[in-house]
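The values are calculated or read from the model by the stated rules, or taken from the named source; none is laboratory data. These numbers come from a predicted model, not from an experiment. No Cβ is skipped: glycine too gets one built from the backbone with ideal geometry, and neighbour counts run over all protein chains shown. These area figures cover heavy atoms from the full protein model, side chains too; ligands, DNA and RNA do not enter into them. Shrake-Rupley method; radii C 1.70, N 1.55, O 1.52, S 1.80 Å.
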Amino acid sequence: MRKAVVVFSGGQDSTTCLIQAIENYDEVHCITFDYGQRHKLEIEVAQSITKELGITAHKVMDVGLLNELAISSLTRDNIEVSHELQANGLPNSFVPGRNILFLTLSGIYAYQIGAEAVITGVCETDFSGYPDCRDEFVKSLNQSLVLGMDRALKIETPLMWLNKAETWALADQYKQLDFVREKTLTCYNGIIGDGCGNCPSCDLRRAGLEDYLTNKDAIMADLVAKQAEGQA
């Protein structure tokens, strides 16, 4: 039996990855992290989505220590999410160490349940500028987890080389575009579905959806080509 663990936030990207994983694996587990993020609603949305998609194994893990250590607009209510980059060239929504921690803990969980893969929705092609979303980082951490646990494990990144329009196309390929659009929470201001329309996350999501709906056939063809090349 093939098992996978999906790092699941209830957002567009991780929900699309979950929908795909359900088709590709015999048993799918989800793990959601409570790190004192800006909106606790994220956790409730994640739980609602897994229930609706029939996932019975959904672990919510308290990693509040990350909130104490990592200062970000996503961990501090008194810091407004900004469209401007910081002096270090990163968005102020970057949570340092977040994906290092999440993927490491997910790898441990995969080890314990005998899963062969950890699936995450990080993306280098059309992303928010987070260094821990890069392919180089994921491959490096993957190697470290394999060495450290002496067990085969693959961190899968189905969205790594897709832009946002192609991510919408992937959801549509599984006949779940409306589900992802209406049920997920991507907005930094905590509004489900199409969101507030003003934050950086909503801007990226909306632009990708508009592009896909306008150029559906061409973008779907691009997705299929990337899938044939093993890039999705």
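Within region 176-225, the residues that satisfy the criterion of being more than 19 Å from the chain's Cα centre (by Cα) and open to solvent by less than 40 Å² (accessible area, probe 1.4 Å) are Cys196, Gly197, Tyr212, Ile219.
Per the conditions (1) touching a Pro at 6+ places or on another chain (Cβ under 8 Å); (2) within 30 Å of Lys51 (Cβ to Cβ); (3) not in a loop (DSSP other than H, G, I, E, B), the sole criterion not satisfied by Phe137 is (2).
For region 169-202, filtering for residues that are in a helix (DSSP H, G or I) and farther than 13 Å from Gln12 by Cβ leaves 2.
If you go through region 125-134 and keep only what is surrounded by fewer than 18 Cβ atoms within 10 Å (Cβ to Cβ) and in a helix (DSSP H, G or I), you end up with just Pro131.
If I filter region 150-167 down to residues being under 16 Å from Val5 (Cβ atoms) and under 15 Å from the mean Cα position of the chain (by Cα), which single residue comes out as most open to solvent (accessible area, probe 1.4 Å)?
Once the filter is applied, the top-ranked residue is Glu156.
Among the residues of region 15-36, those identified as touching a helix residue (DSSP H, G or I) at 6+ places or on another chain (Cβ under 9 Å), over 16 Å from Val118 (Cβ atoms) and open to solvent by 10 Å² or more (accessible area, probe 1.4 Å) are Ile19, Asp34, Gly36.
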